[in-house]
Amino acid sequence: MAAGKYLLYTFLSITTAFALFFTCLHLPSPPLNAAEIFNCAACSPWCTSKSQPTTLDHQNPTRRHDHASDIPHHPLDPLTVQEITQVRSILSSHPLFRSSPFSIHSLVLEEPQKSHVLEWQTGDPLPPRKASVVARVDGKSHVLTVDLTSANIAILRTGPHSGYPTMTAEEMFTATWVPMKSERFNQTILDRGIALSDVSCLPISTGWFGAKEENRRLIKVQCYSMKDTANFYMRPIEGLTVLVDLDVQQVIEISDKGKNIPIPKAANTDYRYSAQPPNKVMKLLNPISIEQPKGPSFSVEDEHLVKWANWEFHLKPDPRAGMVISRAKARDPDTGILRDVIYKGFTSELFVPYMDPSDAWYFKTYMDAGEYGFGLQAMSLDPLNDCPRNAYYMDGVFAAVDGKPYVRRNMICLFERYAGDIGWRHAESPITGLDITEVRPKVTLVARMAASVANYDYIVDWEFQTDGLIRIKVGLSGILMVKGTSYENTNQFAGQDLYGTLLSENVIGVIHDHFVTFYLDMDIDGSDNSFVKVNLQRQMTSRGESPRKSYLKAVKKVAKTEKEAQIKLKLYDPSEFHIVNPSVKTRVGNPVGYKVVPAATAASLLDLDDPPQRRGAFTNNQIWVTPYNRSEEWAGGQFVYQSNGEDTLQTWSDRDRGIENRDIVVWYTLGFHHVPCQEDFPIMPTVSASFDLKPVNFFESNPILRFPPNTIEDLPVCKAAASA
Ligand SMILES: *[C@@H]1O[C@H](CO)[C@@H](O)[C@H](O)[C@H]1NC(C)=O
Ligand SMILES: *[C@@H]1O[C@H](CO)[C@@H](O)[C@H](O)[C@H]1NC(C)=O
Ligand SMILES: [Cu+2]
């Protein structure tokens with residue numbers, strides 16, 4: 001879902017900064033809370049504040065790391081504060097930028113050629129540092145490469161082309177004020193009995209619905225009443241849509257079709273703890289946290305290189321993708337060698353179409369990464385609630401509209417997760433006389449971010465397991481985008497299509513989908529890989545062959561070209577989806593591989609020619625495989641805003657290029673159909689879905705066989721009463 005921010009923007013920025021300071025003062029990493037000190041006084045020393053691990057000083061969430069002196073250490077490290085400043089000064093001396101006002105829509109590291117990154121080893125000098133910049137000057141979008149060493153600027157592409165760059169936070173903010181430039185807008189608000197000071201507006205991307213909307217950057221602004229609640233999303237001023245020109249920030253058109261629809265009441269909409277009636281607060285649980293008596297087992301070197309158990313990977317924030325995992329390698333338990341698994345993985349695009357064709361709703365078909373910036377919308381994580389104790393927090397360093405660097409604190413967290421699950425086990429029945437019980441607890445490492453794209457919150461987890469599995473999970477929470485209605489009870493509209501569910505008096509939760517498409521450049525033991533469909537087929541036995549009539553047979557088929565790897569999931573015609581390295585075999589001769597393991601998901605049911613689906617065509621299949629091409633990273637195209645769908649994963653894949661035994665990229669789309677229900681009001685409990693990347697004949701045998709079990713000596717109890 002989408003939308004940046006509104007009238008509240010400045011206010012919120014200030015409170016966010018304030019909250020961080022609050023955090024700093026009141027949540028130091030060693031427990032200083034009186035109860036904790038008391039509890040720990042008599043216990044084994046590891047849980048006192050003195051013996052908290054200090055080796056990972058930087059994992060203190062409250063560190064006020066000054067990024068001014070950061071320097072890059074790895075070819076994939078994001079641009080530093082100094083580098084962004086340098087790019088800005090190179091740009092400002094270029095004729096293109098000197099003569100006219102400009103806006104920077106993206107300013108990120110231009111990653112070196114993959115071959116250079118693969119050759120690079122710790123200690124080598126870094127490949128030349130370059131920035132990739134998307135800027136708008138005089139109504140034209142430009143894609144530039146800025147070389148930081150030579151100060152050269154290469155202009156790669158200049159508009160016009162289908163679509164516009166990601167909006168800047170500044171223009172989203174400005175757009176929300178534009179309606180108030182209109183006397184008619186003000187009058188409409190007043191006519192509905194709402195004070196202008198109570199109005200909060202959202203900048204809503206317009207999608208694309210034909211030629212009449214082209215050659216002009218547009219946004220639709222819709223508003224809410226903030227009176228008596230912080231959850232203004234539940235108080236829509238329904239049917240009022242202001243079409244705004246995003247470049248000149250002027251009202252183009254006001255559509256007002258909801259005059260008779262009441263503003264839903266404020267009662268029971270506030271979700272803040274502080275706003276709950278004190279006598280109704282439910283303290284049903286004791287506080288909980290995991291214990292790590294010897295400290296966490298991961299380390300983060302040079303800010304971005306993560307080492308944990310048998311994994312190593314590079315992790316960085318990105319303004320568009322949110323979080324990027326690169327060069328993920330797993331250590332082979334037999335040889336001790338780090339083996340390539342993923343070259344690069346990230347959230348490439350989202351697609352969130354609403355299922356209401358009426359005037360104020362039809363255009364709500366968000367593509368959050370390319371339109372709003374999935375990383376730009378990721379707010380600071382809340383220590384102890386968003387991520388557990390001992391988490392490491394990574395800041396995002398981004399460029400503002402004027403090219404100046406700014407820091408988004410605690411944007412990503414990294415932590416070890418023990419959820420009480422089992423890594424592997426076996427117990428022998430007494431009849432064998434063997435008396436065996438062997439169990440290993442499952443501990444994983446999670447890299448997490450949470451994007452708040454206005455009302456909605458997307459939690460993205462990359463969870464690494466010691467057995468080689470990687471689980472990629474998306475959690476949906478936050479607040480529904482709701483529609484005002486005159487109905488107060490379901491008995492008032494029998495048989496009528498409301499496009500959703502009545503959630504509360506005058507509030508409809510509109511049906512919608514969420515699709516999240518992941519880019520997965522798999523490099524299994526090297527770059528040249530193949531994609532193999534392992535189709536499970538019913539095989540009939542021949543007459544008299546067996547008491548059985550049928551069994552299942554695995555039929556392997558290597559996809560030779562892209563179209564053979566356009567996959568729609570089918571429960572009654574199931575397949576496994578392997579990415580293998582045909583040149584590297586196990587001891588017994590299987591090609592080493594990983595498989596994509598889908599789980600509960602949803603597919604788009606929109607008509608393929610519906611304009612939103614043309615733009616979101618990357619959701620037409622759940623899996624795609626393309627040959628590696630560094631220009632093909634964003635599934636909805638580079639310029640997604642108002643794009644018409646001519647540059648998507650679908651168009652690339654339809655070229656049907658060869659994908660056998662070469663460097664390939666796998667794309668996976670995770671989907672949710674969301675039919676809102678009353679429990680989603682006034683804020684949604686998290687709903688999650690995931691998929692796995694799982695080793696398949698990658699290791700010679702169970703890679704965690706030799707992990708030791710837990711013993712009581714490893715896990716002393718902090719306080720006797722604590723476990724009672
Ligand atoms: C509309 O109301 C706002 C808030 O009171 C005010 O700042 C603005 O000037 C008004 N617009 C017009 C055109 O009167
Ligand atoms: C790489 O991608 C770009 C953008 O889709 C395309 O123009 C180009 O033809 C592609 N190159 C190859 C070799 O497929
Ligand atoms: Cu939803």
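The values are calculated or read from the model by the stated rules, or taken from the named source; none is laboratory data. Predicted model, so just to flag it, every value in this text is computed and none were measured. Virtual Cβ from ideal backbone geometry, glycine too; neighbours counted across all protein chains shown.
Considering the range 310-337 alone, what residues qualify as being of a type in the set (Gly, Ala, Ser) and either at pLDDT below 95 or surrounded by fewer than 19 Cβ atoms within 10 Å (Cβ to Cβ) (or both)?
Scanning the range 310-337 gives a single hit, GLY336.
Could you go through the range 664-673 and let me know if any residue there is more than 21 Å from ALA602 (Cβ to Cβ) and surrounded by fewer than 22 Cβ atoms within 10 Å (Cβ to Cβ). Write out each step before concluding.
Pass one, the range 664-673, residues more than 21 Å from ALA602 (Cβ to Cβ): 664-665.
From what is left, the residues that are surrounded by fewer than 22 Cβ atoms within 10 Å (Cβ to Cβ) are none.
The answer is no; no qualifying residue exists.
Could you check the range 117-144 and list, in sequence order, the residues that are basic (Lys, Arg) and within 13 Å of LEU76 (Cα to Cα)? Don't jump to the end; show me each part of the working.
From the range 117-144, those basic (Lys, Arg) are 129-130, 136, 140; that's our starting set.
Across the range 117-144, the qualifying residues are ARG129, LYS130.
Scan the range 625-643 and report the pairs whose first residue is over 21 Å from PRO319 (Cα atoms) and whose second residue is part of a loop (DSSP other than H, G, I, E, B) and near ligand 2 (Cβ under 10 Å from one of its atoms), with Cβ atoms within less than 7 Å and a gap of 6+ or a chain change.
Pairs found: THR626/GLU632; PRO627/ARG657.
Enumerate the pairs (first residue in the range 644-662 and within 19 Å of ALA211 (Cα to Cα) and of a type in the set (Gly, Ala, Ser); second residue anywhere and away from ligand 3 (no atom under 16 Å from the Cβ) and in a helix (DSSP H, G or I)) with beta-carbon separation below 6 Å, excluding pairs fewer than 6 apart on the same chain, so at least 6 apart or on different chains.
That search, which allows pairs on different chains as well, returns GLY645/ARG614; GLY645/ARG615; GLY645/ALA617.
Looking at (1) buried (at least 23 other Cβ atoms within 10 Å of the Cβ); (2) more than 20 Å from TYR418 (Cα to Cα), can you tell me which one VAL460 breaks?
(2) is the only condition that VAL460 fails.
List the residue pairs whose Cβ atoms are under 8 Å apart, where the first residue sits in the range 113-128 and is farther than 15 Å from PHE313 by Cα, the second is among the aromatic types (Phe, Trp, Tyr), and the two are 6 or more positions apart or on different chains.
LYS114/TYR343; LYS114/TYR628; LEU126/TRP120; PRO127/TRP120
So the check is Cβ under 7 Å with 6+ separation or different chains; which pairs have a first residue in the range 172-188 that's closer than 20 Å to TYR641 by Cβ and among the aromatic types (Phe, Trp, Tyr) and a second one that's assigned to a helix (DSSP H, G or I) and away from ligand 3 (no atom under 16 Å from the Cβ)?
Partner pairs satisfying both residue conditions: PHE173/TYR9.
Being touching a residue at least 24 places away in the same chain (Cβ under 8 Å), loosely packed, with under 15 Cβ neighbours inside 10 Å and in a strand (DSSP E or B) is the filter here, so list the residues in the range 242-258 that pass it.
GLN250, ILE252, SER255
Does GLY433 satisfy the criteria of being in contact with a Ser or Thr (Cβ under 8 Å, 6 or more places away or on another chain) and either surrounded by 11 or more Cβ atoms within 10 Å (Cβ to Cβ) or free of Cβ contacts under 8 Å to residues at least 40 places away in the same chain (or both)? Give the steps one after another, and end with the answer.
Values: in contact with a Ser or Thr (Cβ under 8 Å, 6 or more places away or on another chain): no; either surrounded by 11 or more Cβ atoms within 10 Å (Cβ to Cβ) or free of Cβ contacts under 8 Å to residues at least 40 places away in the same chain (or both): yes.
Judged against the criteria, GLY433 is not a match.
If the Cβ limit is 7 Å and pairs must be 6+ apart or interchain, which residue in the range 325-343 that is without any contact (Cβ under 8 Å) to a residue 24 or more places away in the chain pairs with which residue that is in a loop (DSSP other than H, G, I, E, B) and buried (at least 20 other Cβ atoms within 10 Å of the Cβ)?
ARG331/ASN310
Being part of a loop (DSSP other than H, G, I, E, B), aliphatic (A, V, I, L, M) and within 18 Å of ILE261 (Cα to Cα) is the filter here; which residues of the range 222-241 pass it?
Of the residues in the range 222-241, the ones part of a loop (DSSP other than H, G, I, E, B) are 226-231, 235, 237-239.
If we keep only those that are aliphatic (A, V, I, L, M) too, we end up with 226, 230, 237.
Those that are part of a loop (DSSP other than H, G, I, E, B), aliphatic (A, V, I, L, M) and within 18 Å of ILE261 (Cα to Cα): MET226, ILE237.
Give SER546, SER542, SER527 a once-over and let me know the one that is out of contact with any Pro (no Cβ under 6 Å at 6 or more places or on another chain), crowded, with 18+ Cβ neighbours inside 10 Å and either among the hydroxyl-bearing types (Ser, Thr, Tyr) or at pLDDT below 95 (or both). Steps first, please.
On the way: SER546 fails: crowded, with 18+ Cβ neighbours inside 10 Å; SER542 fails: crowded, with 18+ Cβ neighbours inside 10 Å.
None of the other options fit; the residue is SER527.
Given the condition within 16 Å of ligand 3 (Cβ to nearest atom) and crowded, with 16+ Cβ neighbours inside 10 Å, answer yes or no: does some residue in the range 491-500 qualify?
Taking the range 491-500 as the starting set, the residues that turn out to be within 16 Å of ligand 3 (Cβ to nearest atom) are 499-500.
Still in the running and crowded, with 16+ Cβ neighbours inside 10 Å: 499-500.
For the range 491-500, residues within 16 Å of ligand 3 (Cβ to nearest atom) and crowded, with 16+ Cβ neighbours inside 10 Å: present.
Check whether at least one residue in the range 549-561 is part of a loop (DSSP other than H, G, I, E, B), more than 18 Å from VAL580 (Cα to Cα) and more than 24 Å from the chain's Cα centre (by Cα), and report yes or no. First the steps, then the outcome.
First, the residues of the range 549-561 that are part of a loop (DSSP other than H, G, I, E, B): 549, 559-560.
Add one more test, that the residue is more than 18 Å from VAL580 (Cα to Cα), and what stays is 549.
Imposing the further condition that a residue be more than 24 Å from the chain's Cα centre (by Cα) reduces the set to 549.
Yes, the range 549-561 contains at least one residue that is part of a loop (DSSP other than H, G, I, E, B), more than 18 Å from VAL580 (Cα to Cα) and more than 24 Å from the chain's Cα centre (by Cα).
Among VAL108, VAL143, which is the only one that is within 16 Å of ligand 2 (Cβ to nearest atom), closer than 18 Å to ARG320 by Cα and of a type in the set (A, V, I, L, M)?
Values: VAL108 fails: within 16 Å of ligand 2 (Cβ to nearest atom).
None of the others qualify; the one that does is VAL143.
Among the residues in the range 685-705, are any at pLDDT 95 or above, over 23 Å from GLY478 (Cβ atoms) and touching a helix residue (DSSP H, G or I) at 6+ places or on another chain (Cβ under 7 Å)? Spell out how you get there, then give the answer.
Taking the range 685-705 first, the residues at pLDDT 95 or above are 685-705.
If we keep only those that are over 23 Å from GLY478 (Cβ atoms) too, we end up with 692-705.
Pick out the ones that are also touching a helix residue (DSSP H, G or I) at 6+ places or on another chain (Cβ under 7 Å) and you get none.
No; the residues of the range 685-705 include none that is at pLDDT 95 or above, over 23 Å from GLY478 (Cβ atoms) and touching a helix residue (DSSP H, G or I) at 6+ places or on another chain (Cβ under 7 Å).
Residues to consider are PHE672, PHE707; find the one that is assigned to a loop (DSSP other than H, G, I, E, B) and either within 16 Å of ligand 3 (Cβ to nearest atom) or not aliphatic (A, V, I, L, M) (or both). Walk me through it before giving the result.
On the way: PHE672 fails: assigned to a loop (DSSP other than H, G, I, E, B).
After applying the criteria, what remains is PHE707.
Looking only at residues in the range 675-704 that are charged (D, E, K, R) and outside any loop (DSSP other than H, G, I, E, B), which one is surrounded by the most Cβ atoms within 10 Å (Cβ to Cβ)?
Quick first cut of the range 675-704, residues charged (D, E, K, R) only: 679-680, 692, 694, 700.
From what's left, outside any loop (DSSP other than H, G, I, E, B): 679-680, 692, 694.
Working: GLU679: 9, ASP680: 21, ASP692: 17, LYS694: 19.
Filtering the range 675-704 for residues that are charged (D, E, K, R) and outside any loop (DSSP other than H, G, I, E, B), the one surrounded by the most Cβ atoms within 10 Å (Cβ to Cβ) comes out as ASP680.
Take the conditions within 18 Å of ARG320 (Cβ to Cβ), surrounded by fewer than 23 Cβ atoms within 10 Å (Cβ to Cβ) and away from ligand 3 (no atom under 16 Å from the Cβ) and apply them to GLN638. Does it pass?
Numbers: within 18 Å of ARG320 (Cβ to Cβ): yes; surrounded by fewer than 23 Cβ atoms within 10 Å (Cβ to Cβ): yes; away from ligand 3 (no atom under 16 Å from the Cβ): yes.
So GLN638 passes the test.
Hey, does the range 161-168 have a residue that's within 16 Å of ligand 1 (Cβ to nearest atom), surrounded by fewer than 22 Cβ atoms within 10 Å (Cβ to Cβ) and of a type in the set (S, T, N, Q)? So that I can check it myself, show each step before the final result.
Residues of the range 161-168 within 16 Å of ligand 1 (Cβ to nearest atom): none.
Looking through the range 161-168, none of the residues is within 16 Å of ligand 1 (Cβ to nearest atom), surrounded by fewer than 22 Cβ atoms within 10 Å (Cβ to Cβ) and of a type in the set (S, T, N, Q).
Mind checking whether some residue in the range 627-634 is more than 11 Å from ligand 2 (Cβ to nearest atom), over 19 Å from THR206 (Cα atoms), among the charged types (D, E, K, R) and assigned to a loop (DSSP other than H, G, I, E, B)?
The answer is no, given that none of the residues of the range 627-634 is more than 11 Å from ligand 2 (Cβ to nearest atom), over 19 Å from THR206 (Cα atoms), among the charged types (D, E, K, R) and assigned to a loop (DSSP other than H, G, I, E, B).
Would you mind finding the one in TRP624, TRP652 that is of a type in the set (A, V, I, L, M, F, W, C), more than 13 Å from ligand 2 (Cβ to nearest atom) and farther than 30 Å from ARG425 by Cα? Give the steps one after another, and end with the answer.
Details: TRP652 fails: more than 13 Å from ligand 2 (Cβ to nearest atom).
Exactly one residue qualifies, and that residue is TRP624.
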